[in-house]
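Structure, as C-alpha cells:
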Amino acid sequence: MTSATSQITFIQPDGSARTIAVVAGANVMLTALANGIAGIVAECGGAAMCATCHVYLNEGSAAFVAPVSEVENEMLESAASGRRENSRLGCQVVVQPGAGEIVVQIPSHQV
Amino acid sequence: MSSTLAPDAALMSAPNAPVTDFDPYADAVLDDPYPHYERLRELGPIFYLSRYGAYGLARHAEIDSVLRDSATFCSSAGVGLANFHVETPWRKPSIILEADPPLHGRTRKVVAGLLAPANINKLRATMEREAELLVDRVLAKGHIDAVPDLCAAFPLKVFADAVGIPRDGREEFLLPYGDMVFNAFGPVNERFKVCLDKAQGAIAWIAEVCKRENLTHDGLGAQLYAAADQGLLDPEEAPMLVRTLLSAGLDTTVFTLCNAMMCFAREPEQWATLHAQPTMARQALEEVLRFESTFHSFYRTTTREVEVAGVALPNEQKICVFIGSANRDPRRWPDAHKFDVNRKANGNLAFGTGVHGCAGQMIARLEGEVLLAALARRVKSLRLESAPVIHYNNSVRGYDSMPMSLVAA
C-alpha cells in the first residue's frame, strides 16, 4: 500500500515559495529542515518547547491537519513574531492521510 | 563487551535481535562510553541487553521515532528499568515525567508555559549580571576547581534564585537530590541504593523549600502555586512540580557546563574560535550537548505488541534508549566524533524529543549560553591542570572535580 501524496508549500516573508511533495505523516518542521527551508529554526527539535518553528497556516489548509493542542497553544504565546489566529508550531503540524496542499507562511523572525 | 546470538530456546523474548551482556552502568563504561556505543550501534538497529531483560536502541533514527510515539512507548511505567505497572515505584510517580497523555498534557501545559521563552527570557539580564560577577571571581583566582567554583556555582545561584528557594542548604542538598533522581533512570543497583540512603536529608530539605511560604513571591515556584490558585493544577500538585524543577534543573545544567569546559579544555582551537566570536555561544553549547550529552540513557515501555526495526516486541517491554549514542551516530552526524562549534547540532537528542522532551531545555540553554558567552569574552585560554574526577551516575554524565587554570584575555 502506498500513501497518497500531498504537498507542503512554504512562503517566505519576501513572497518566494517552495513546494515539497510529502506523504501522510510528514511534519511541517521536519520537512522544512530536511529541505533546507530558511526561517525554521526548530531549536528544540520538535518537543514543542521553543516556538522557533512558528508558521502561519493558510486558511484552506486548516482542514488537512489536527487542531492546536493545549501544549502547543501555551507555547505559541512565545512566538517571537507575534501570534495570530492561524499561528501554528511547524513541529506539531502533521499531514493527515488524503490531505491536499498545505500552505504555510514563514514569519519574519523566530527569535 | 561480548556479543553473541543466543539460541532461540534460551531467550524466547529476544528471538530476532542480537543479544549482548553489555552493562551500561559499569564504572569502566561510564569512564568512556563511546567505544561501547559504537559496538552497540554496529550490533544492529535494535539489540537485547541480557543482564537487564530490556531491548536497547543506540542509533539516532530508531530512538527518534520511539521518542516521538509516546502512545506506543510510554513513560507511565517509569523511565528507569523498573516497570511501575507491575513493580512498586521507589517514590510516588512524577505527574509529568512518569505520566502519559492525556493526563500528561494537563501538567505539561502548565510547566511548558512556565518555562517557555516568553517567560524565561525575562531572566536573561539577571543571569548575564551574575555570569559577569562569577567570571570576575574565577579569573581573579586563576587556578580553580571548575566544578564547584564555576559549573555548580552558576546554576546554584541563577536557577535556584529563579525558582525562588532560600539560599541556605543549596550546595549541601540540591545536587545530591538530583543525583538520586537521575540514578533512578537506570536499574535499582548498588549505586542507586547508596545514593538514596545518603539523600534522606536532601529529601526532607526539598519538601520544606517547596512549600509556598518558603518561596519568593514572583519566582517560578510561586508561579506554579498561582497556577493552582487558577485551578490549572490541584493544590497538592504545585509543590510536586516545584520539586520537579529542582530535581530536573540543577545537576543536569551543572554537568552540561562541566562537559562544555572539558570539551574546550581538550580542544584549544575550538575555544579560540568561540573566544574570537562569543556570539557563537548558543550554537557552541548545542554542539557540547550533542558531543558530550549530559543525559545518556533512559527507558520507555511498550503499551502493546509492536515491531521495532523488524523485531516483534511484547507488550510491557522495557526499551533502553541510548541518546548519548544517537548523538554520535555517524548515520546522522558527519564526523560524529569531532567536536566542532561550527556544526549545526540542532536536532540532537540530548534533551529527548516528542511530548516528553525536556521541558526545561530553554532555560538550560539560556544558562549555558549566558555563562559560555561571558567566559568567551573574558577568558583567552583554559587548561586542565590534572585529571578530572568523573561523577558516576546511572543516567547523567559529569564531573566532581576539574582542576583548571584560566588566562584572562
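A short reminder: the numbers here are calculations on the coordinates, not readings from a lab. Owing to the predicted nature of the structure, the values given are computational and were not obtained by experimental measurement. Note that each Cβ is placed from the backbone with ideal geometry, even for glycine, and that neighbours are counted across all protein chains shown.
Among B:LEU196, B:LEU224, the ranking by other beta carbons within 10 Å of each residue's beta carbon, starting with the fewest, stands as B:LEU196, B:LEU224.
For the range B:391-404, backbone phi angles converted through the Karplus equation (6.51, -1.76, 1.60; θ = phi - 60°) give residue-by-residue couplings of 9, 8, 9, 5, 9, 10, 10, x, 9, 8, 8, 9, x, 9 Hz, Gly and Pro being listed as x.
Pulled fully out, how much extra length does the chain show between B:ARG137 and B:ASP400, if you take 0.36 nm times their separation in residues and subtract their Cα-Cα distance? In short, 92.7 nm is gained. Only Cα pairs within less than 10 Å get springs; with that Gaussian network setup on chain A, which residue of A:ALA26, A:ALA48, A:ALA66 has the largest fluctuation? Of A:ALA26, A:ALA48, A:ALA66, the most mobile in the Gaussian network model is A:ALA66. Consider a paramagnetic label point 7 Å from the Cα of A:GLU77 along Cα→Cβ; state which residues of the range B:333-367 have an amide N under 18 Å from it. Answer for the range B:333-367: B:359-363. Looking at the range A:5-105 alone, DSSP beta bridges between its own residues are antiparallel in about 70 percent of cases.
In debye, nearest 20: dipole of the protein assembly as shown around its Cα centre with unit charges on the Cβ of K, R (+) and D, E (-)?
Numbers: 46 positive and 59 negative charges, 138 e Å.
Its charge dipole is roughly 660 debye.
Given the DSSP H assignment, sum -39500 (n - 2.57) over each helix run of at least 4 residues in chain A and divide by its residue total; what's the result at 222 nm in deg cm²/dmol, nearest 500?
Working: 2 runs with 13 residues, N = 111.
Calculated from helices alone, the mean residue ellipticity at 222 nm is -3000 deg cm²/dmol.
With a Förster radius of 35 Å applied to the beta-carbon distance between B:ALA204 and A:ALA62, the computed FRET efficiency rounds to 0.10. By the rule of a C-alpha distance below 13 Å, with chain neighbours fewer than 8 residues away ignored, the aspartates and glutamates paired with B:LYS211 are B:GLU236, B:GLU237. Taking amide hydrogens as placed 1.01 Å from N in the peptide plane, the amide H of B:PHE298 sits under 5 Å from those of B:VAL321, B:ILE323, each at least 5 positions away in sequence or on another chain. Using R0 = 25 Å, the C-beta based FRET efficiency linking B:ASN214 and B:ALA118 works out to 0.40. For a modelled paramagnetic label at B:ALA125, 7 Å from Cα along Cα-to-Cβ, the residues of the range B:210-238 in reach, with backbone nitrogen under 19 Å, are B:217-220. When only the Cβ of Lys, Arg, Asp and Glu is charged (+1, +1, -1, -1), the dipole of chain A relative to its Cα centre reaches about 220 debye.
Inter-chain neighbour count for B:106-118: the average number of beta-carbon atoms from partner chains within 10 Å of each residue's beta-carbon is 6.
Near B:ASP161: Cβ cut-off under 10 Å, other residues only, Lys/Arg at +1 and Asp/Glu at -1. The net charge is +2.
When the Gaussian network model of chain A links Cα atoms closer than 10 Å, the mean-square fluctuations of A:VAL95, A:VAL55, A:VAL65 top out at A:VAL65.
The largest-to-smallest principal axis extents of the Cα set in the range A:5-105 are 32, 28, 24 Å.
Highest mobility in the GNM of chain B, judged by mean-square fluctuation with C-alpha springs under 10 Å and restricted to B:PRO102, B:PRO93, B:PRO239, is found for B:PRO102.
A straight Cα-to-Cα reach below 20 Å connects B:LYS318 with the aspartates and glutamates B:ASP8, B:ASP21, B:ASP23, B:GLU62, B:ASP64, B:ASP69, B:GLU87, B:GLU98, B:ASP100, B:GLU305, B:GLU307, residues fewer than 8 places away in its own chain not being considered. Size descriptor for the protein assembly as shown, Kirkwood hydrodynamic radius: 23.8 Å (Cα pairs only, one decimal).
If r is the Cβ-Cβ distance from B:LYS193 to B:GLU316 and R0 is 22 Å, what FRET efficiency results, to the nearest 0.05?
Numbers: r = 25 Å, r/R0 = 1.12.
With R0 = 22 Å, the Cβ-Cβ based efficiency is 0.35.
For chain B, complete DSSP H runs whose alpha carbons reach 20 Å or more along their own long axis and whose mean Kyte-Doolittle score is 0.5 or higher are B:251-266.
Annotation: the antiparallel percentage among DSSP beta bridges lying fully within the protein assembly as shown is about 80. Amide H to amide H distances under 5 Å link B:TYR399 with B:HIS391, where only residues 5 or more positions off or on other chains count and H is placed in the peptide plane. Listed from fewest to most Cβ neighbours within 10 Å, the set B:GLU237, A:GLU77 follows the order A:GLU77, B:GLU237. With neighbour counts taken as other beta-carbon atoms within 10 Å, the residues B:LYS92, B:LYS338 rank, fewest first, as B:LYS92, B:LYS338. Taking a straight Cα-Cα cut-off under 21 Å and skipping sequence neighbours fewer than 8 places away in the same chain, the lysines within cross-link reach of B:LYS141 are B:LYS157, B:LYS380. A crude spin-label estimate for the pair A:ASN35 and B:ASN83, with each label 7 Å from Cα along the Cβ direction, gives 4.2 nm.
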